[in-house]
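The values are calculated or read from the model by the stated rules, or taken from the named source; none is laboratory data. These numbers were taken from a predicted model, which means no experiment stands behind them. Cβ placement follows ideal geometry from the backbone for every residue including glycine, while neighbour counts extend to all protein chains displayed.
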Amino acid sequence: MQCERCKNTDPKYFAYDHGIYYCRKCIAFGRLDVGEKPKVLQVSHVVYKKGYHLDFEMTALQKAAAEKTLTYLKQGKSVFVYAATGAGKTEMTLESISYYLSQGKKVGFAISRRQVVLEICQRLKKVFPSLSVIAVTQGYTDIVDGDLIVCTTHQLYRYPYTFDLLIMDEVDAFPYANNDLLQEIAQQACIGQFLYLSATPDAFSLEQIQAGKMEMVTLFKRPHGHPLILPVVHKGSIWIQIFWIFYYCNKWKNKQVLLFMPTKREVQLFYRFFACFYSCAYIHSASQDKDEIMAKFHQKAFRILLCTTLLERGITVPSVQVIVYRADHPVFTCASLIQIYGRVGRSFKDPEGEGVCLCQSVNPSIQDCLKQLRQMNQSV
Ligand SMILES: [Zn+2]
């Protein structure tokens, strides 16, 4: 027995109901009986030849990377775009999206996190003003077809055998990474080529590239031309680390600071303590009013934001400085540290900045993070 959706063959995941077996592994996406194929959604196919429109000029390197990506896709190959944080990954895809749409083909853009789906949908609406660009995610599921579909990786279960080009952003992020159910669903949704985007490729993707199953295009230079920042590492006990937090928060007195902590408990505890000295707030996955806290931070209503890895990706705050407390804690993987320090120096006005890495010992994740940042800076 095999499930036609998630490819599960493990008998313990099949349930028996009135003479029929059905798969329990992917039941969250609707019941599918053994032998039954997932229902194909009838989607529209627009032929769109107007190209895309940007308010700014892409750099020569961005253009070259975008063209190279499209060349591989035209050859029927999937592509992995390995781009530094802030290098403009989304722009890399526009040339390819335009080409597929001009051929009357279906394009999907899938991302792990809901917040980023909404953000990218807004951006693509501006870039393709005469297309219906729709977001499909929790709270936005009334309309599931448009000329261009932006969705969470979870929502891909609605689109079996649908996309000629499926763009997958943040494949190394939770919940997509290491989730074979979501990965099977993505495989099933795509009948053409994949375009993966990441600042931190995982071992599996690298193997696929090595084996020639997919092509890689790199873009390590940020549009403003400045290198990625390398964090300063300070080793010491927790008390010494706290001393450094005070030292840097005072040193950067006119700048906003993101202060990453490994756990929600520490975020709350330190918030009470730091609130006696600085204007600050905290945010983690259980915070009720996340949008409001972020809006206030963007408006500079307070200076220091204590957070967990919740904020490691997707957010862009101009001129922000970053501190990671207990960076040797296992929640801070190499990929998440690269993302975290990638928050610094993203704006044209303030392309430089500082990052601080506090730890008791420099573990392999920290070592790898520093090594990869150096490599990216050297290879541009
Ligand atoms: Zn299944």
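Condition first: under 21 Å from the mean Cα position of the chain (by Cα) and either part of a strand (DSSP E or B) or modelled with pLDDT under 95 (or both). Can you find one or more residues in segment 95-107 that meet it?
So the first thing to find is which residues in segment 95-107 are under 21 Å from the mean Cα position of the chain (by Cα), and the list is 95-97, 107.
If we keep only those that are either part of a strand (DSSP E or B) or modelled with pLDDT under 95 (or both) as well, we get 107.
There is at least one residue in segment 95-107 that is under 21 Å from the mean Cα position of the chain (by Cα) and either part of a strand (DSSP E or B) or modelled with pLDDT under 95 (or both).
When segment 139-191 is examined, which residues are found to be part of a loop (DSSP other than H, G, I, E, B), in contact with a helix residue (DSSP H, G or I) (Cβ under 6 Å, 6 or more places away or on another chain) and farther than 21 Å from residue 37 by Cα?
172, 176
Within segment 330-373, can you find the residues that are within 27 Å of residue 58 (Cα to Cα), assigned to a loop (DSSP other than H, G, I, E, B) and not β-branched (Val, Ile, Thr)?
342, 343, 345, 346, 347, 348, 349, 350, 351, 352, 353, 354
Could you go through segment 38-53 and let me know if any residue there is assigned to a strand (DSSP E or B), surrounded by 12 or more Cβ atoms within 10 Å (Cβ to Cβ), touching a residue at least 12 places away in the same chain (Cβ under 8 Å) and within 11 Å of the ligand (Cβ to nearest atom). First the steps, then the outcome.
Pass one, segment 38-53, residues assigned to a strand (DSSP E or B): none.
No, the conditions are met nowhere in segment 38-53.
Looking at segment 1-16 only, could you name the residues that are part of a strand (DSSP E or B) and near the ligand (Cβ under 10 Å from one of its atoms)? Reasoning before the result, please.
Our first condition is that a residue be part of a strand (DSSP E or B); within segment 1-16, this holds for 14-16.
If the condition is that a residue be part of a strand (DSSP E or B) and near the ligand (Cβ under 10 Å from one of its atoms), then 14 is the only one that fits.
I'm trying to understand the selection: among the residues of segment 67-79, which are assigned to a loop (DSSP other than H, G, I, E, B) and either without any contact (Cβ under 8 Å) to a residue 12 or more places away in the chain or closer than 22 Å to residue 224 by Cβ (or both)?
75
Could you check, for segment 20-37, whether at least one of its residues is more than 16 Å from the ligand (Cβ to nearest atom) and in contact with a Phe, Trp or Tyr (Cβ under 9 Å, 6 or more places away or on another chain)?
Scanning segment 20-37, I find no residue that is more than 16 Å from the ligand (Cβ to nearest atom) and in contact with a Phe, Trp or Tyr (Cβ under 9 Å, 6 or more places away or on another chain), so the answer is no.
When segment 6-23 is examined, which residues are found to be in contact (Cβ under 8 Å) with a residue 12 or more places away in the chain, surrounded by fewer than 17 Cβ atoms within 10 Å (Cβ to Cβ) and closer than 14 Å to residue 35 by Cβ?
Selection gives 20, 21.
Taking segment 157-183 as the search range and keeping residues that are within 19 Å of residue 73 (Cβ to Cβ) and of a type outside the set (Phe, Trp, Tyr), which one is surrounded by the fewest Cβ atoms within 10 Å (Cβ to Cβ)?
The selected residue is 164.
Among what's in segment 174-212 and is under 22 Å from residue 6 (Cβ atoms) and among the aliphatic types (A, V, I, L, M), pick the residue that is nearest to the ligand (Cβ to nearest atom).
Filtering first and then ranking leaves 181.
Which of the residues spanning segment 72-93 are surrounded by fewer than 19 Cβ atoms within 10 Å (Cβ to Cβ) and either aliphatic (A, V, I, L, M) or out of contact with any Asp or Glu (no Cβ under 9 Å at 6 or more places or on another chain) (or both)?
74, 76
What pairs come out if I take residues in segment 339-351 that are closer than 12 Å to residue 256 by Cβ and pair them with residues that are among the small types (Gly, Ala, Ser) and not in a loop (DSSP other than H, G, I, E, B) whose C-beta lies under 8 Å away, six or more apart or interchain?
Sorted first by the residue in segment 339-351, then by its partner, the pairs are 344/355.
May I ask you to list the residues in segment 305-339 that are at pLDDT 95 or above and either loosely packed, with under 15 Cβ neighbours inside 10 Å or among the aromatic types (Phe, Trp, Tyr) (or both)?
325, 330, 332
Here are some conditions: (1) free of Cβ contacts under 8 Å to residues at least 24 places away in the same chain; (2) within 16 Å of the ligand (Cβ to nearest atom); (3) surrounded by 13 or more Cβ atoms within 10 Å (Cβ to Cβ). Residue 64 meets all but one. Which one does it not meet?
(2)
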